[in-house]
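Asker: Sharing a structure below in structure tokens format, with a few things to ask.
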There are 2 protein chains.
Amino acid sequence: MTTAWKSLGKRELLRVGERLRVFAEHIRLPDGREIEDYLQFSTPPFATIVAQTCEGLFVCERHYKHGPKRTILSLPAGGIEGEDAQVGAKRELLEETGYASEDWQALASWIMHGNAGGGTTHSFLARNCRKIAEPESGDLEEIEVELLSASDIMAALASGEMPLVSDVAALLPALMALGLLVPNWRSIQCCAPK
Amino acid sequence: MTTAWKSLGKRELLRVGERLRVFAEHIRLPDGREIEDYLQFSTPPFATIVAQTCEGLFVCERHYKHGPKRTILSLPAGGIEGEDAQVGAKRELLEETGYASEDWQALASWIMHGNAGGGTTHSFLARNCRKIAEPESGDLEEIEVELLSASDIMAALASGEMPLVSDVAALLPALMALGLLVPNWRSIQCCAPK
């Protein structure tokens, strides 16, 4: 069993409103060594939604994003604003795409950065989504809503058209929960002896 | 087609050596609006490696990580230090686990944060890995190397024991490339009419 590090305090290096906080943490390692400025940062939690329509298609967004600095495909996603993660996910899906569902499943929560923390993305699956309103995100991006099949999504992941780490992290458990990706453990092969 | 944003300059808010840089960027949106302090940050690129042994098991690490602040399972991973990403991946796998491979495949590169950038993680698959040395990572963490089956890894993802977003992002394309996860598009169902 590996041993937890001990925090001896931390010093804030930067705070940008609610968007980013950066700390230098004073750490004592299990072997007694001390690190005085171990970097930690946090961004707000956000939800990523795999939203499947009644027809089996997935609600996606095509938009310019300033992180990758190009137009990409992504899943609906957005910041959780002091609310329950699933409440935030429902709100973001409706605002960004106009779609709603009564069948929600929390899939997983992922840590963005193993060393520095970086925040958490919560992955959700919404089944049987129906369009009930026009999108009204208020986001800075112009969002074009597109409905993609599962195979279209896999192609977009493979080509780099859907490049966000939080999207692929939501898709693995979602496509398995939907039975669209299935384990095939029998294909394990030993390599030839050398 | 959504239109790219125009950068009118940026101001550095924080630099922590090579580990983190934070900027406020002055942006002009396609509709003419200007945002004077759009947050951008970057951390160094890092490689995440799905390393399969000749016996079909996967080389994993159990260690305390200060991002999640608990002991977790992860894939081998590490920062790329001014080198080709695959060279960095090979080095990190050998240093952290003692395993090496002659059969490498670059799978994908993922953007960590859609809005703020945040850096890139490169996902690699290394097949037919063999242990050729003792681990000697020089990392702060005490790493216990464990060999897991694909089904053990899926269970660890589902339970939260393997919580890093970069790990699940590497595993989806790797397990598909290995034929251990296969598409089953026929399972798409329409929902009952309401």
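The values are calculated or read from the model by the stated rules, or taken from the named source; none is laboratory data. Because the structure is predicted, anything quoted here is derived from the model rather than measured. All Cβ positions, even for glycine, are placed from backbone atoms using ideal geometry, and neighbour counts span all protein chains on display.
Asker: Could we say that residue A:177 is without any contact (Cβ under 8 Å) to a residue 60 or more places away in the chain and surrounded by fewer than 17 Cβ atoms within 10 Å (Cβ to Cβ) here? Give the steps one after another, and end with the answer.
Answerer: Numbers: without any contact (Cβ under 8 Å) to a residue 60 or more places away in the chain: no; surrounded by fewer than 17 Cβ atoms within 10 Å (Cβ to Cβ): yes.
When the stated conditions are applied, residue A:177 does not pass them.
Asker: Checking residue A:182 against (1) out of contact with any Asp or Glu (no Cβ under 6 Å at 6 or more places or on another chain); (2) farther than 20 Å from residue A:79 by Cβ; (3) touching a residue at least 12 places away in the same chain (Cβ under 8 Å); (4) not in a helix (DSSP H, G or I), which test does it fail?
Answerer: (3)
Asker: Just the residues that are outside any strand (DSSP E or B), out of contact with any helix residue (DSSP H, G or I) (no Cβ under 9 Å at 6 or more places or on another chain) and within 18 Å of residue B:113 (Cα to Cα), please, taken from the stretch B:27-79.
Answerer: Selection gives B:43, B:44, B:67, B:68.
Asker: Exactly one condition in (1) in contact (Cβ under 8 Å) with a residue 40 or more places away in the chain; (2) not in a helix (DSSP H, G or I) is false for residue A:96; which is it?
Answerer: (2)
Asker: Right, here's the next one. Report yes if residue B:166 is hydroxyl-bearing (Ser, Thr, Tyr), more than 11 Å from chain A (Cβ to nearest Cβ), outside any strand (DSSP E or B) and crowded, with 18+ Cβ neighbours inside 10 Å, otherwise no.
Answerer: Here the answer is no, as residue B:166 does not meet what is asked.
Asker: Any chance you could count how many residues in the stretch B:3-26 are closer than 14 Å to residue A:41 by Cα and β-branched (Val, Ile, Thr)?
Answerer: Residues that pass the stated criteria total 2.
Asker: Hey, another quick one. Take residue A:132 and decide whether it is surrounded by fewer than 21 Cβ atoms within 10 Å (Cβ to Cβ), in contact with a Pro (Cβ under 7 Å, 6 or more places away or on another chain) and not assigned by TED's automatic domain parsing to the domain that holds residue A:16. Even if it seems obvious, please write down each step before you answer.
Answerer: Working: surrounded by fewer than 21 Cβ atoms within 10 Å (Cβ to Cβ): yes; in contact with a Pro (Cβ under 7 Å, 6 or more places away or on another chain): no; not assigned by TED's automatic domain parsing to the domain that holds residue A:16: yes.
When the stated conditions are applied, residue A:132 does not pass them.
Asker: With respect to residue B:108, is the statement that it is touching a Ser or Thr at 6+ places or on another chain (Cβ under 6 Å), in contact (Cβ under 8 Å) with a residue 60 or more places away in the chain and crowded, with 24+ Cβ neighbours inside 10 Å true?
Answerer: Criteria not met by residue B:108.
Asker: Looking at B:119, B:82, which one is at positive phi, more than 8 Å from every other protein chain (Cβ to nearest Cβ), within 12 Å of the chain's Cα centre (by Cα) and outside any helix (DSSP H, G or I)?
Answerer: B:119
Asker: Hey, another quick one. Mind checking which residues of the stretch A:123-141 are more than 11 Å from every other protein chain (Cβ to nearest Cβ) and either part of a strand (DSSP E or B) or within 19 Å of residue A:52 (Cβ to Cβ) (or both)? Outline the logic, then answer.
Answerer: Taking the stretch A:123-141 and keeping what is more than 11 Å from every other protein chain (Cβ to nearest Cβ), we get A:124-126, A:131-138.
Hits for the stretch A:123-141 are A:124, A:125, A:126, A:131, A:132, A:133, A:135.
Conditions (1) within 7 Å of chain B (Cβ to nearest Cβ); (2) of a type outside the set (Lys, Arg); (3) buried (at least 16 other Cβ atoms within 10 Å of the Cβ), marked per residue:
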| residue | (1), (2), (3) |
| --- | --- |
| A:4 | yes, yes, no |
| A:11 | no, no, no |
| A:17 | no, yes, no |
| A:22 | yes, yes, yes |
| A:28 | no, no, no |
| A:31 | no, yes, no |
| A:38 | yes, yes, yes |
| A:47 | no, yes, yes |
